[in-house]
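The values are calculated or read from the model by the stated rules, or taken from the named source; none is laboratory data. What you are looking at is a predicted structure, and each value in this text was computed from that prediction instead of being measured. Every residue, glycine among them, receives a Cβ derived from its backbone with ideal geometry; neighbour counts consider all protein chains shown.
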Amino acid sequence: MKLLVCIIDNVYADEVELKLKKQGYRMTELASSGGFWRKGNTTFLFGVEEKDIKELQDALKVVCLDLERKKQRSSKQEHRYTSFLLDVKDAAPFLAIGK
């Protein structure tokens, strides 16, 4: 099991949540802002099996590009989101910070 931490521009956040939930992905959403991109972001935590990682990454990309097409605008940024992939066993101390 892997943990995909995805920090995404707020422009895409609602669409990512809606579309990926419809596709059956389970996620935890955290509002975030500050120094990472210096604007409003949403951080999604996805628990995913290793065999499904590429499918999830492709789905994230498709949702962002579809939203841009729908709104008839292109991103001025090179990247629409940044993600980090962790083994769940390595993420356990990170997830237990508040305990």
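Just checking, how many residues over segment 49-97 are polar (S, T, N, Q) and modelled with pLDDT of 85 or more?
3
So how many residues does segment 44-68 have that are aliphatic (A, V, I, L, M) and in a strand (DSSP E or B)?
2
Of everything in segment 58-73 that is free of Cβ contacts under 8 Å to residues at least 40 places away in the same chain and within 14 Å of C6 (Cα to Cα), the residue that is surrounded by the most Cβ atoms within 10 Å (Cβ to Cβ) is K61. G34 meets the conditions (1) out of contact with any Gly (no Cβ under 8 Å at 6 or more places or on another chain); (2) modelled with pLDDT of 90 or more in every case but one. The failed one is (2).
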